[in-house]
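The values are calculated or read from the model by the stated rules, or taken from the named source; none is laboratory data. Because the structure is predicted, anything quoted here is derived from the model rather than measured. Heads up, the Cβs are rebuilt from the backbone with ideal geometry, glycines too, and the neighbour counts pull from every protein chain shown. With ligands, DNA and RNA removed, areas are computed over all heavy atoms of the protein, side chains included. Shrake-Rupley method; radii C 1.70, N 1.55, O 1.52, S 1.80 Å.
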Amino acid sequence: MFKMRFNLRRLIIITIALVAILYLVLHSSLLDTPSSVSLSPRHSVVDIENRINKLQLQMKQQLTDSNNLLDKVKLHLKKSNHISKEAAKDTIQNELDIESVSNPILPVLVIACDRITVKRCLDNLVKFRPSKEIFPIIISQDCGHNATLQVLKSFTENDPTINVVLQPDLSEIRLPRAKVKFRGYYKIARHYRFALNHVLNTLGHEAVIIVEDDLDISPDFFEYFLGTYPLLHKDPSIWCISAWNDNGKKEVIDLSRPELLHRTDFFPGLGWVLRRETWLELEPNWPEAFFDDWLRDPENTQGRACIRPEISRTYSFGKIGVSKGLFFDMHLRYMHLNADFVEFTKLNLTYLVKDVYDEAFTSTVYSLPEMSADEVISSAGDTAVRVPYSNAKTYQKAAKKLGLMDDFRSGIPRTAYRGIVTCYVRGRRVYLAPDFPWTKYDPTWG
Ligand code: UD1
Ligand code: MN
């Protein structure tokens, strides 16, 4: 009985199992087989096998796909991580740039040689310097002159923000007989190369204010450079900022406009700011002599402009120097040094940016009434006028009449911007302007 019951139970279980398997097989094959297709049992087994294979393939494909996707996500994450790191780096760099433009360190480089009167220059620098930290003073001495070095030491002794460096190459420069009289200019160019490399490369400063040992400065000299310095970054067409107006005599400037600044194509020198970036461009071709005239050749400065004031912020007291005293007696002696303090850092100087300036400048000048230089000096009036010129000769004639410098460098008249020279004579603004469509300077002028 027990055995029969056992057998019966086994039979029932097997039957149920078989039915269940059959049901499952049939059911699963019905699941995604088009209902119109009826399959034989043999077919359905093959079909199941196929399906399993297909499923296996699909699963494999899906796995590959999701792996690929994962890889892509990983790559993307890596990239965006890198990008955000780069972006962070850029942001930091930008912030540093903005910081160094709005809160710069502008060392003053004093070019000294053998004149003990450098004391006068240094006394004023120390007197008007608003901050020792922003404006450290670096004196570079050429010429190996001991008495001058003693003077310099009296400034460096008690002030760690004033330092002296000695130009190490004091060797005589060998020159052909015809050039011997220019030896001084060769030495000056050699000294400048050393001193600028020292401040901008060795010490690594971003920019430098260059002052010669025979310059007086105005009370707002430092404020002038602090206020104009951002222009050097904002406007790539400006390569230098100078404290000097080459036509800075009282009679030809507007004494009521100490805040007025101009663009000029003529490098003025005599108290000026140079960026390291520009020095790195200039240094490889730095000339052996006459570096200032070299800087007045547009080929060397890529035709970029300088900023200069209406009223000079420096005054040269160096009658005895490399160029003989004649130039001093004829011109330098009469230059007017600004006495007012202009808060340049609080002024909006956007009018000096090329895009704004050029259009306004030329359209103003060419909309003004014409007048000859003779009429300007013999008549009174307060309206601005244009004095036309057509060639080097007529320019020089008009300039002389008005009391302006009449010389050229690389075809550029002193203080000219796009061929136009501006001055202020007998109460009126005067523009000497080409009476032809100006495109560039003619190096054969002068
Ligand atoms: C004139 C320019 C000056 C320019 C120089 C170079 C004016 C008023 N002056 O010099 O800005 O730099 O031409 O073309 O336009 N010095 C040396 N080593 C020397 C001799 C001089 O370093 O062997 C230094 C002086 O200390 C001074 C500078 O060079 O700082 C210019 O010398 P200076 O004697 O003043 O010559 P300038 O005729 O004024
Ligand atoms: Mn000088």
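If you take the Cα atoms of segment 100-162, find Rg, then find the Kirkwood Rh from the mean of 1/r over all pairs, what is Rg/Rh?
Numbers: Rg = 12.2 Å, Rh = 12.2 Å.
A ratio of 1.00.
All Cα-Cα distances of segment 276-399, cut into 5 Å bins from zero to the largest, leave 2, 7, 10, 11, 17, 21, 18, 10, 3, 1, 0 percent in each bin in turn. Evaluating 6.51 cos²θ - 1.76 cosθ + 1.60 at θ = phi - 60° for every residue in segment 233-240, the Karplus couplings come out as 8, 6, 10, x, 8, 10, 10, 8 Hz, glycine and proline recorded as x. Maximal additional length on extending the L368-T383 stretch stands at 4.5 nm, based on 0.36 nm per residue less the C-alpha distance.
Note on S390/D358: beta-carbon distance plugged into 1/(1 + (r/R0)^6) with R0 of 22 Å gives a FRET efficiency of 0.50.
Expressed as a rounded percentage, what relative contact order does segment 95-181 have, with Cα pairs under 8 Å and six or more residues apart? Each step should come with its number before you reach the end.
On the way: 96 pairs, mean separation 26.3, N = 87.
Computed over segment 95-181, the figure is 30 percent.
Per-residue surface analysis assigns L368 an accessible area of about 30 Å², computed on protein heavy atoms at 1.4 Å probe radius. Applied to segment 253-258, the Karplus parametrisation 6.51 cos²θ - 1.76 cosθ + 1.60 on θ = phi - 60° returns per-residue 3J(HN,Hα) values of 10, 8, 5, 8, 10, x Hz, with x for Gly and Pro.
Surface composition of segment 166-212: carbon plus sulfur atoms hold 56% of the accessible area, using a 1.4 angstrom probe and ignoring ligands, DNA and RNA.
Consider a paramagnetic label point 7 Å from the Cα of T202 along Cα→Cβ; state which residues of segment 152-186 have an amide N under 11 Å from it. Counting only backbone N, you get 164-169. Between the amide H of Y389 and those of A433, D435, distances stay under 5 Å, these residues lying 5 or more places away or on another chain, with hydrogens modeled in the peptide plane. Solvent-accessible surface of segment 375-446, averaged per residue with a 1.4 angstrom probe and all protein chains in place: 45 square angstrom.
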